[in-house]
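Trainee: Let me begin by handing over the structure; questions about it come next.
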Amino acid sequence: MKMTLGEVAAAIGARLEGDPDIVIRGAAEPAAAGPEHLALATNPRYAEALGRGAARAAVLWEGADWRAMGLDAALFVARPRYALAHLTAALDPGPGIAAGIHPTAIVEAGATVGPGAAVGPFAVIGAGVTIGRNARIGPHVVIGAGAALGDDVLLHAGARVGERVTLGDRVIVQPGAVIGADGFSFVTPDKSAVEAVRENLGGSPEAAAPQAWTRIHSLGAVRVGDDVEIGANTTIDRGTVADTVIGRGTKLDNLVHVGHNVVIGEDCLLCGQVGVAGSARIGDRVVLAGQCGVSDHVTVGSDVIAGGATKIFTNVPSGRAVLGMPAVRMEQQVEIYKALRRLPRLFELVRELKKAVPKSAKND
Amino acid sequence: MKMTLGEVAAAIGARLEGDPDIVIRGAAEPAAAGPEHLALATNPRYAEALGRGAARAAVLWEGADWRAMGLDAALFVARPRYALAHLTAALDPGPGIAAGIHPTAIVEAGATVGPGAAVGPFAVIGAGVTIGRNARIGPHVVIGAGAALGDDVLLHAGARVGERVTLGDRVIVQPGAVIGADGFSFVTPDKSAVEAVRENLGGSPEAAAPQAWTRIHSLGAVRVGDDVEIGANTTIDRGTVADTVIGRGTKLDNLVHVGHNVVIGEDCLLCGQVGVAGSARIGDRVVLAGQCGVSDHVTVGSDVIAGGATKIFTNVPSGRAVLGMPAVRMEQQVEIYKALRRLPRLFELVRELKKAVPKSAKND
Amino acid sequence: MKMTLGEVAAAIGARLEGDPDIVIRGAAEPAAAGPEHLALATNPRYAEALGRGAARAAVLWEGADWRAMGLDAALFVARPRYALAHLTAALDPGPGIAAGIHPTAIVEAGATVGPGAAVGPFAVIGAGVTIGRNARIGPHVVIGAGAALGDDVLLHAGARVGERVTLGDRVIVQPGAVIGADGFSFVTPDKSAVEAVRENLGGSPEAAAPQAWTRIHSLGAVRVGDDVEIGANTTIDRGTVADTVIGRGTKLDNLVHVGHNVVIGEDCLLCGQVGVAGSARIGDRVVLAGQCGVSDHVTVGSDVIAGGATKIFTNVPSGRAVLGMPAVRMEQQVEIYKALRRLPRLFELVRELKKAVPKSAKND
C-alpha cells in the first residue's frame, strides 16, 4: 500500500493542512510511527508520544498545532473512529489470495466460479456450487454441494460452508468458521427427564426411564445476508426444515454459536463467544456483548443491547438494555450488583434488628 | 430423496389417511411447502398456514380434518418430535462424500480402510490407523497415527482425530472438531500462587515467587463410545496417563470443551459452549444446557440436569436439577432469582425498620 | 519410547531404590499398569490398586514399602506433579510429523524453512515466511505471507497463522487454533445506540437512528512470545494498528478468545473458553480459570487469580484473587454466595420483623 497524504485525506473525508504529497504506507501509534506512517493521535494525551515517533503526518484532534509538534502535515476528522474505518480500509493489504484458481484446488462438476474470483490451494468446491464475481476463497476452504455465494465474498483459510448454504454479497468469513453444521436436536422415544424438568422448573429427573437419544436430521440450510461477517471458529447450524437465517449487515465475532432454526435480524453485533440456542429469534440492531447467551425459542426484540455475559432466558421486548444472569434491565442489575456486595452486611443488620425487636412485639 | 407418502408413513410409524402414492421429496413448514413437500403441522395453530402453502400431504394433529384443509392425504403420529427424527433421517440426502478413496487423500503405511468406506479430498490418514466399514471421512480430515475408528463413522470436513484416539461405531464428528489435543496441564517447580489460593479460597497471590510453567505431556488418548456425536469446533483433550472418555450415546454440541482425564457417561447431552474442566466425572443421562461449566475434579452424578449457563463448582448428587452460578437446586435458584430482583427494595425496607426500632430496644 | 528405570530416574530427578535396569515404555495408573509401565502411585490410597496391576516399578509416596507391594523397584520424588512433567516429557512419542517437507506441502516464493524442520502434507507456507530450526509444522497448517516463526515451534494439524504474525521459539499451537483473524471492530457514521448505553449504563437504545456497521480493518498483527502454548480452536485477533501481544511463557487453553489490541503479560494461564475483549491489558502471572471473561479496555494487574466463570468488567489491581459475576474479592464472593442461598429466608425474616415492629415506633 502506498498513497499520498492527499489521497488518504480524500479517502477518509478529512481536512488536510500542510504537505499533501507525503508518502503514506501504513498507520501507527504515535510513538511507534516511522516517516512513512500516518500517526493516529486524535486526543491531546497523545501529544507527547508524537514527539517520540518519527511521523511526518498525523490525524490530530481539532485545534492541535501540528507545526509546533514538528509535523509537516495533519488531518482533522469529525468522528475519529469512523475515519479510522476508511483509513484502515485504504491501507489494508488484504489476505493475499492469488488471482485465479490454484492448481491444487478442486472444483467439482457443475460448479461455477465468477469472473475475477480467486481460489486458494487445497480448496474444495462441491458439485453445483455457484460463486459470484471477485470472490476470494482462501486455502483449505470447503464449500458443500449446492451452496450459493454472492459477489465479493471473502472466505479465509479453512472456512467450511455446508451443502446448500447461501451467502450474500460481500460476506466475510474468518478462518475456521463452520456454516451449516448439523443442528443439535435429539429426541427420546418417550418423554425425557429434561422435558419434565423444563415443564416444572425443577423436580426429580430420576423419574423418567433411561432412554437413548435419536437424532433429528437437519434438512434445512443456512441463509446469510449481504454484508455479514462471521468470526474465526464460529459455528452456525443448519435448520431442521427451514433455514437458519443471519440478516443483512449483521456481524458475528469469534467462537460464536448459533443453533439450528435461529433467525437473526439485520445490523446486529454478536461479540465473542456469544451463544444463541436453537429456534431463538433476534431482531434488528441487537448488540450482544461477549459471552452472552440466549435460550432456545426465546425472542429478543429489535434494538436490544445486552451487557457482557448476560444470560437471556426469557423474551426481551424491543428497545431495552439488559444485563446479568438472568437478564434484567441494565439499571436494575446495576442496583442489584451494588446490593450484592452489601448483602453479608445486610444479614448482620437484620440479625441485630431481630435482637432489638422486643419479644412482646413479635408475639403481636 | 424421493419417496411415496406410504413409504414415509412406514418409515416414521405414522397412520396414513388418504392417497399413499403422493411423491415426497422433502419436508417443509406449512406456509413454505410445495406440492412435493410433506408439510409439518402437528399443532392446530398451523392450520391457517397450511392454506398458504401448496402441500398435498401433511403431518397433522390428532383429529384434524385434512380434507377440509384441501389436502389429499395426512399422517398422524403419537409423538411428533420422535416421528420427526425418523422423517428427517429418511429425507436427509447426507453430506455427499463420494465413495472410495479420493486420489488426493493420503493413506499412510499400515493404515486400513474398511470396505464401503469413503475418504474425501486432502484427507490424511496416519500410519497404522484402522477405519471400519462404510465409514465416511470428509475432506481435510486428519487422523493421527494409531487411531482406531469403528464402522459407519461420519467425520465431516476438517475434523481432527489425534494419535491413538478410538471412536466407536456410528460416531459422527462435525466440521472442525478436535479430538485428542494435548491437555492443559502445567506445573511450577515449587507451590504456585494458584495452588495457595485454591487451598484458602482467597488470600494474596503475590506471596508466591514468580515461576514459569512446565508442561505435563499428555500420554493418554481419547476413547469415544458408540453412537456419540461431537459438534462443530468442539475440543476434547487427551488424558495425561489414562484416556479421556466419552460414553456411548452421548451427544456434544458445538464449541464444547472437554478437558484432559474427564470421564463422561452414557446418553448425556452437553449443549453449545459447555466446558468441562480436567479430571471431572459426569454420570449417565446428564443434560448440561448451553454455556454450563464444570470445575476440575468435580463429580456430577447420573441424571443430573443443569439449566443454561449453570456453573458447577462442587459435586452434584445423582438425580438433581440444578441452576445458577454457583449451581444450586433449580427450585431454590428460581426463588433466589426472584429475591434478587427485589433486593434493592429489601435494603430500603431494612433501613426503614432500623429507623423504626427504638434505640432503647437496640441496647437490650 | 523405551528407557531403563535408571534413565527415567535421572530424567525426572527421582531417588531410585531397587533394580535400575527395568525397561519402561510408558506410564500408567496403578491398576492398569503392565510390566513395562511405570505405575504412578504418589499417595497411599493407591496402594491397593498397585496389587491389581502388573507394574514392576512405581513412583511412590515417601516411606512406602515397595518390596511388600511386590515391586522390583521404586522412585521417590519431592513434588510429584513436577516430576510428572519431566516423566511425561521423556515418554511422549510426539505427534509424528515426518522429517523434511512433504511433497504435497506448498512453500511459496521467498519463504525459508530452517534446518531440521518438518512440514506436513497440504501445509501452505506463504511468501516471505521465515520458520526456525527444528520446527514441526503439521498437516493442513496455513501460515500467511510475511509471518515469522522461531526455532522448535510445533504447529499441530490445521493451525492457522495469519499474515505478518510472529511466533517466538518453542511456541506450541494445538489443532485448529487461529492466530491473526481480523479484529471485531465496527463503527457507525454517527453515535450508535450501544455507545449511548455504555455511557449511561442503561437508558433507551431506541433513541439512536438505525445505522449500518462499517468495518475497521486490522492492520496490526499478533506477536507471540517464546514458550507460549495456544489451545485447540483458540482464536487470537490481530491489532488495529499495533499488534496484539501474548507474553513469553503464557499458556492459553482450548476455545479461548483474545480480541484485537489485547496485551497479555508473561507466564499467565488462560483456561478453557476464557474470553478477553478488545484492548484489555493483562499483567504477568495472571490465572483466569475456565469461562472467565474480561471486558474491553479493562486492565487486570499482575498476579491476579480469577476463579471459574468470573466476569471482570472493571480494572483489577495486582495481586488480588477474584470470583463471580461481577468479579469481587474471592473471600467476599464466597460470603455473597452463602448469603444468596439464605436470601429467600432473609425476606421472610424481614417480613416477620416488619409485622413485629409496633406501628407507633414506625412513626417516630
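Trainee: If we count other beta carbons within 10 Å of each Cβ, what is the order of A:Ile230, A:Ile24, A:Ile172, fewest first?
Mentor: A:Ile172, A:Ile24, A:Ile230
Trainee: Based solely on its DSSP helices, what 222 nm [θ] is calculated for the protein assembly as shown when runs of n ≥ 4 H residues each add -39,500 (n - 2.57) and the sum is averaged over all residues, nearest 500 deg cm²/dmol?
Mentor: Per the formula, -5000 deg cm²/dmol.
Trainee: Mind listing the long-range amide H neighbours of C:Gly203? Cut-off is under 5 Å, sequence gap 5 or more, other chains count too, H placed in the peptide plane at 1.01 Å from N.
Mentor: When sequence neighbours closer than 5 places are left aside, the close amide H contacts are A:Glu331.
Trainee: Okay, next question. Once you have a ≥ b ≥ c as the square roots of the Cα gyration tensor eigenvalues for region A:137-236, tell me rounded if a/c is under 1.5, and otherwise prolate or oblate according to whether a/b is larger than b/c.
Mentor: Because a/c hits 1.5 or more and a/b exceeds b/c, region A:137-236 counts as prolate.
Trainee: Per residue of C:236-244, count partner chain C-beta atoms within 10 Å of its C-beta, then hand back the mean as an integer.
Mentor: Neighbouring Cβ atoms belonging to other protein chains average 4 per residue here.
Trainee: Between C:Met1 and C:Ser318, with labels modelled 7 Å along Cα→Cβ, what's the label distance in nm to one decimal, could you check?
Mentor: Label at C:Met1, label at C:Ser318, 3.8 nm between them.
Trainee: If neighbour count is taken as other Cβ atoms inside 10 Å, put B:Val256, A:Val59 in order from fewest to most.
Mentor: Fewest-to-most ranking of B:Val256, A:Val59: A:Val59, B:Val256.
Trainee: Same structure again: Which percent, to the nearest 5, of DSSP beta bridges fully inside the protein assembly as shown are antiparallel?
Mentor: Bridges in the protein assembly as shown are about 15 percent antiparallel.
Trainee: What average number of partner chain Cβ atoms lie no more than 10 Å from the Cβ of the residues making up C:98-108?
Mentor: Other-chain Cβ atoms within 10 Å of each residue's Cβ, averaged: 2.
Trainee: With an 8 Å Cα cut-off and a minimum separation of 6 or more residues, compute the relative contact order for chain B in percent.
Mentor: That works out to 7 percent.
Trainee: What FRET efficiency would be calculated for the residue pair C:Asp19, B:Asn200, taking the C-beta separation as r and a Förster radius of 51 Å, to the nearest 0.05?
Mentor: 0.75
Trainee: Using the structure shown, select from C:Lys311/C:Lys338; A:Lys191/C:Lys311; B:Lys311/B:Lys354; B:Lys338/C:Lys191; A:Lys191/A:Lys251 the pairs with a Cα to Cα distance greater than 27 angstrom.
Mentor: A:Lys191/C:Lys311; B:Lys311/B:Lys354; B:Lys338/C:Lys191; A:Lys191/A:Lys251
Trainee: Going by average Cβ neighbours within 10 Å, how do the peptides B:29-35, A:322-328, B:79-85, C:45-51 rank, with the highest at the top?
Mentor: Sorting B:29-35, A:322-328, B:79-85, C:45-51 by mean packing, highest first, produces A:322-328, B:79-85, B:29-35, C:45-51.
Trainee: If a/c stays under 1.5 just call it rounded; otherwise compare a/b with b/c (prolate if a/b is bigger, oblate if not). Do that for region A:269-332, with a ≥ b ≥ c from the square roots of the Cα gyration tensor eigenvalues.
Mentor: Because its axes are fairly even, with a/c under 1.5, region A:269-332 counts as rounded.
Trainee: With a point put 7 Å past each Cα toward its Cβ, work out how far A:Arg133 is from C:Arg342 in nm, to one decimal.
Mentor: Between A:Arg133 and C:Arg342, the label points sit 7.2 nm apart.
Trainee: Taking C:Lys191 in one copy and the same position in all the others, each labelled 7 Å out along Cα→Cβ, what are the pairwise distances from the first, in nm, shortest first?
Mentor: Nearest to farthest, the other copies are at 5.3, 5.3 nm.
Trainee: Take every DSSP beta bridge whose two residues both sit in region B:3-91, then give the antiparallel share in percent to the nearest 5.
Mentor: DSSP beta bridges in region B:3-91 are roughly 35 percent antiparallel.
Trainee: Ok, one more. Can you tell me, using C-alpha contacts under 8 Å and at least 6 residues apart, the relative contact order of region C:208-296 as a whole percent?
Mentor: Over region C:208-296, the number comes to 22 percent.
Trainee: By its C-alpha gyration tensor, with a ≥ b ≥ c as the square roots of the eigenvalues, how is region A:3-91 shaped: rounded for a/c under 1.5, else prolate for a/b larger than b/c, else oblate?
Mentor: rounded
Trainee: Where the label is 7 Å out from Cα toward Cβ, how close does B:Arg45 come to the same position in every other copy, in nm, shortest first?
Mentor: In ascending order, 5.1, 5.1 nm.
Trainee: Gap in Å between the Cα centre of region B:160-233 and the Cα centre of region A:165-240?
Mentor: First find each Cα centre; the distance between them is then 26 Å.
Trainee: Taking the Cα centre of each part, how many Å lie between region B:244-289 and region C:246-319?
Mentor: Distance between centres, Cα-based: 25 Å.
Trainee: Which aspartates and glutamates have a Cα less than 20 Å from the Cα of B:Lys355, not counting those fewer than 8 places away in the same chain?
Mentor: Within the straight-line limit of under 20 Å, B:Lys355 reaches these aspartates and glutamates: A:Glu348, A:Glu352, A:Asp364, B:Asp364, C:Glu348, C:Glu352, C:Asp364.
Trainee: For a paramagnetic label modelled at 7 Å from the Cα of C:Glu331 toward its Cβ, which residues of region C:282-311 fall within the zone defined by backbone nitrogen distances under 16 Å?
Mentor: C:305
Trainee: Lys and Arg at +1, Asp and Glu at -1: add these up for the other residues within a Cβ distance under 11 Å of C:Leu270 and post the number.
Mentor: Every neighbour counted, the sum reads -1.
Trainee: Under the convention of a label 7 Å out along Cα→Cβ, give the distances in nm from A:Arg79 to the same position in every other copy, shortest first.
Mentor: So the distances to the same position in the other copies read 5.4, 5.4 nm.
Trainee: Within a Cβ distance under 15 Å of A:Gly144, other residues only, what is the Lys/Arg minus Asp/Glu net charge?
Mentor: Summing Lys/Arg as +1 and Asp/Glu as -1 gives -1.
Trainee: Additional query: Using alpha carbon centroids, what distance separates region C:75-119 and region C:126-150, in Å?
Mentor: One Cα centre to the other: 15 Å.
Trainee: Right, another one. Karplus couplings for region B:214-223 from phi (6.51 cos²θ - 1.76 cosθ + 1.60, θ = phi - 60°), rounded to Hz, Gly and Pro as x?
Mentor: 9, 6, 8, 6, 9, 8, x, 10, 10, 10
Trainee: Work out the mean other chain Cβ neighbour count within 10 Å for the residues of A:330-336 and drop it here as an integer.
Mentor: The per-residue average across the peptide is 5.
Trainee: So, one more: How much of the DSSP beta bridge set in chain C is antiparallel, as a percent to the nearest 5?
Mentor: 15
Trainee: Residues with amide H under 5 Å of A:Val119's amide H, sequence separation 5 or more or different chain, H placed in the peptide plane at 1.01 Å from N; which?
Mentor: Counting only residues 5 or more places away or on other chains, the set is A:Gly100, A:Ile101, A:His102, A:Ile137.
Trainee: If I model a spin label as a point 7 Å beyond the Cα along the Cα-Cβ vector, how far apart are those points for C:Glu352 and B:Asp72 in nm?
Mentor: With each label point 7 Å from Cα toward Cβ, the separation is 7.3 nm.
Laboratory data are not the source of any read-out in this text; all were calculated from the coordinates shown. This is a predicted model, so every value here is computed, not measured. Heads up, the Cβs are rebuilt from the backbone with ideal geometry, glycines too, and the neighbour counts pull from every protein chain shown.
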